[in-house]
Structures are given as structure tokens and as C-alpha cells.
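> Just passing along the structure, written as C-alpha cells.
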Amino acid sequence: MRIEAWSVAPVTHRNLDPEWHYAGRDVPELLGVRVALRAGDRMGEGYAPFLPHLDTTPEVLETTACSIAAGLLAADLSDLDACVARLGPCSRARNAARSAAEMALLDLAARGAGASVAAMLGGAPRAVEVLRIIPVKSPVRMADIAGSLVAEGYRALKLKGTGDHEADIARIAAVRGAVGAGITLTVDANQAYDTCGALRLERALRPHDIWSLEQPVPANDRASLATVRQQSHARIEADEGLFDADDLDAVLTAEAADGISLKLARSGGLLPSRDMALRGAGRGVYARLGTAFGGPLVTLATATLAALCPTKGPAECAEFAHFDDGDHLWPTVRDGLLIPQKGPGFGQIRQSPWLAEWTG
């Protein structure tokens, strides 16, 4: 079975919380791109969000996705390795688009085989503990949101640091006070602190029992991250800056992190992310499933990593819950666990026909 046609379409997911704020910016909506591949009567679908630190513009993301998808035309799905090779190399400029095309390819190949992507690649789908991200708001409002999420069954939450020490501590303390000691809290500072500020933050967070502190200092300053790790009680995670194996090797060589956050769009897809996780595990560094921003497609693809490589900590695979996506059914989250889909491919269920133009 060969790939007969490809299609690429821009997409906008409206944020159900229009005042959602993180990493220094508001996110009232999320732009992105969908890639579809067709073979016979089967279609595979992929998605990647537009993130400013990965792509110059949404138009560049779409153009790059078209180029990569076109290279898959007539590829023989019975030779998956050859198909993957057609995706081309990973690089910062093309990783998001590459991840969308890879997602569509794996989805199509698995649907053709009547299997899940996890099973096709030698794994077994499993339920994954997920967290919810609380956007930056007032301490009182964040505490209210945290309480509501815990009432829904979530057992893990992620909070953002902004670089304002007193405000950050006030927000985190308010959330911990609202949810009690039994809820896992992680903190992501998104590179907002220097070395001294990060160490001060980590010390101030100790009474609040956080599970991990993610990328507190600039990603290109691995020596600083290593210093923070050496003097911290919390697990220190590397996030921004992990675009390829060389970036990971630099973190590992510097002994800069206890763990890494994996994101498909940043690292070029499921398979490169899996390889990063395995490479890190070989050096005693765990992998955690990082933010899957967008609808069900990227959520289910990211969660598939848990079936293919060792991961640790709560996965950021529930953010679909605040982005609208009328084209796909939402996955099921029950008692804080993302339940694996039963269908083939990544298991997403499309509710409307694909309307974008096909080429092939």
C-alpha cells in the first residue's frame, strides 16, 4: 500500500479560557497545522501547533509541512523505515512540521495494519497519569482553579514561574494550600530566572513539596542549570533547547538535569522523542511527557510515548480540555488518567470530513 495523496490545512483552536497566560504571553487561541495522508480508503492525520520559538510564522510552519508531506507521496507503507527516512532530518526550523507529518504517517501505517501505533512500534497502550496546567492569574483565582481540577479527579497540577519571586511563591503557596499535601505539583519557570534567582526560588519552594522545577534558567546556560541541580532538593528538568540529539548530549555531558521534558513539535516527532528518552535513560536521566498543546491528535500521539519508552512523572496530556476542536472527539480522562483509545492508529475519532484540497 502506497501513499496516494497528501493534504495540509491551517487550523485555529480557540482557547476556552481567553485570558490563559503563560511564558510571558496570552494564548486566546492556538494556531497550528494539520497534515493528512491517504492510501486507498484510509487516512492518517497529524497536527503541530505554531509556537513562536519554533517557527518564524504560521505560514512558515504550513509551507514546511507541505514540503515534507509532498516528499511522502508514493512511499510504500510496508517499508516504514524508508517512509520515515523520507521525512528528512530533525532541525529547529522544521521539527514542528516534521512532527505533524510523522504523526500522519504513523497513524496511516497503523490504520492500514489494523493496529494502534503503540502496538505497531512494539509497545502496549496504557493509561497515563496526566496533570493540568494552571495559567498565571492571581493567587486566589489560581487556588480556585486548582480546587476545581482536583474535584474533577486530577491528582497533579503544573504551575508557571514568571521571574517575579514574591509573586511566584504567593501563587504556588496559594495552590498548595488549596489542594493539600496529596496532590503532585510541578513548577515550570520557562527560563525566567538567573542562577541566584533560581536557587532562591527552589529554596523557597521546599516547604511546598514540589515534584520538579522545570527549566528555571536560560536553556543555553547549561552550566547554570547544572549549578541549580547540584544545590537543589527538587528534581531539575531541562525543557527549552532540546531540539535534537546534540542538544540532549550537551545537557547530559554537563550533568545539568535530573530529567527532560519531551515535546513532539520541538523534537521532530514521536520517534526522535522516543530516542531522546532512551538516550537519557541510559545516562540515568528520566523523561517526562511535556505539554501537548492543541486538540486530541497531539495529545494521543504524545501519550503513545509512554508505551514506547521509560517515562516518569505526570504527563502534560490533558490540555486539549481547554482548546476547542469540533473535528475530533475528546479522549477520556478518568480519575486523572488518560485512558488509551481502542481504535487503530493513534485512536483519534474524526467527527467531520477532511475538507482541504488533496495533492496526488
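> Counting only residues that are assigned to a loop (DSSP other than H, G, I, E, B) and either free of Cβ contacts under 8 Å to residues at least 40 places away in the same chain or exposed (fewer than 15 other Cβ atoms within 10 Å of the Cβ) (or both), how many does the range 239-255 have?
The qualifying residues number 4.
> Which condition does residue 167 not pass, out of (1) among the hydrophobic types (A, V, I, L, M, F, W, C); (2) farther than 17 Å from residue 234 by Cβ; (3) crowded, with 16+ Cβ neighbours inside 10 Å, if it passes all the others?
All conditions are met except number (3).
> Would you check if residue 52 is in contact with a helix residue (DSSP H, G or I) (Cβ under 6 Å, 6 or more places away or on another chain) and either at negative phi or assigned to a loop (DSSP other than H, G, I, E, B) (or both)?
Taking the combined requirement at face value, the residue does not satisfy it.
> Considering only the range 261-275, state which residues are in a helix (DSSP H, G or I) and within 17 Å of residue 97 (Cα to Cα).
Those that are in a helix (DSSP H, G or I) and within 17 Å of residue 97 (Cα to Cα): 264, 265, 266, 267, 270, 271, 272, 273.
> Taking only the range 125-143 into account, find how many residues are more than 20 Å from the chain's Cα centre (by Cα) and either farther than 13 Å from residue 180 by Cα or in the same structural domain as residue 23 (by TED's automatic domain parsing) (or both).
Number of matching residues: 6.
> Name every residue in the range 276-321 that is of a type in the set (Ser, Thr, Tyr) and either assigned to a helix (DSSP H, G or I) or outside the structural domain of residue 237 (by TED's automatic domain parsing) (or both), in order of residue number.
299, 302, 304
> From the list 321, 307, pick out the single residue that is more than 10 Å from the chain's Cα centre (by Cα) and more than 25 Å from residue 145 (Cα to Cα).
307
> Is it the case that residue 159 is assigned by TED's automatic domain parsing to the domain that holds residue 271 and of a type outside the set (Gly, Ala, Ser)?
Answer is yes for this residue.
> Going through the range 262-284 one residue at a time, which ones are over 18 Å from residue 80 (Cβ atoms) and crowded, with 22+ Cβ neighbours inside 10 Å?
Those that are over 18 Å from residue 80 (Cβ atoms) and crowded, with 22+ Cβ neighbours inside 10 Å: 262, 263, 265, 266, 267, 276, 277, 280.
> Taking into account only those residues within the range 1-40 that are touching a strand residue (DSSP E or B) at 6+ places or on another chain (Cβ under 6 Å) and not in a strand (DSSP E or B), which is surrounded by the most Cβ atoms within 10 Å (Cβ to Cβ)?
3
This table checks each residue for (1) in contact with a Leu (Cβ under 7 Å, 6 or more places away or on another chain); (2) among the aromatic types (Phe, Trp, Tyr); (3) in a helix (DSSP H, G or I).
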| site | (1), (2), (3) |
| --- | --- |
| 122 | no, no, no |
| 142 | no, no, yes |
| 147 | no, no, yes |
| 173 | no, no, yes |
| 181 | no, no, no |
| 187 | yes, no, no |
| 192 | no, no, no |
| 210 | yes, no, no |
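> Considering 347, 343, which residue is at pLDDT below 95 and part of a loop (DSSP other than H, G, I, E, B)?
Among 347, 343, only 343 is at pLDDT below 95 and part of a loop (DSSP other than H, G, I, E, B).
> Here is a follow-up. State which residue is surrounded by the fewest Cβ atoms within 10 Å (Cβ to Cβ) when the search covers only the range 67-109 and only residues that are part of a loop (DSSP other than H, G, I, E, B) and touching a helix residue (DSSP H, G or I) at 6+ places or on another chain (Cβ under 6 Å).
The residue in question is 71.
> Does the range 155-168 include one or more residues that are at pLDDT 95 or above, part of a loop (DSSP other than H, G, I, E, B) and closer than 21 Å to residue 336 by Cα?
Yes, there is a match, as at least one residue in the range 155-168 is at pLDDT 95 or above, part of a loop (DSSP other than H, G, I, E, B) and closer than 21 Å to residue 336 by Cα.
> Please verify whether residue 101 is touching a residue at least 12 places away in the same chain (Cβ under 8 Å) and either assigned by TED's automatic domain parsing to the domain that holds residue 318 or of a type outside the set (Ser, Thr, Tyr) (or both), treating the condition exactly as stated.
Against the criterion (touching a residue at least 12 places away in the same chain (Cβ under 8 Å) and either assigned by TED's automatic domain parsing to the domain that holds residue 318 or of a type outside the set (Ser, Thr, Tyr) (or both)), residue 101 qualifies.
The values are calculated or read from the model by the stated rules, or taken from the named source; none is laboratory data. Computed from a predicted model, the values in this text were never measured in an experiment. Here the Cβ is made from the backbone with ideal geometry for all residues, glycine too, and neighbour counts use every protein chain on show.
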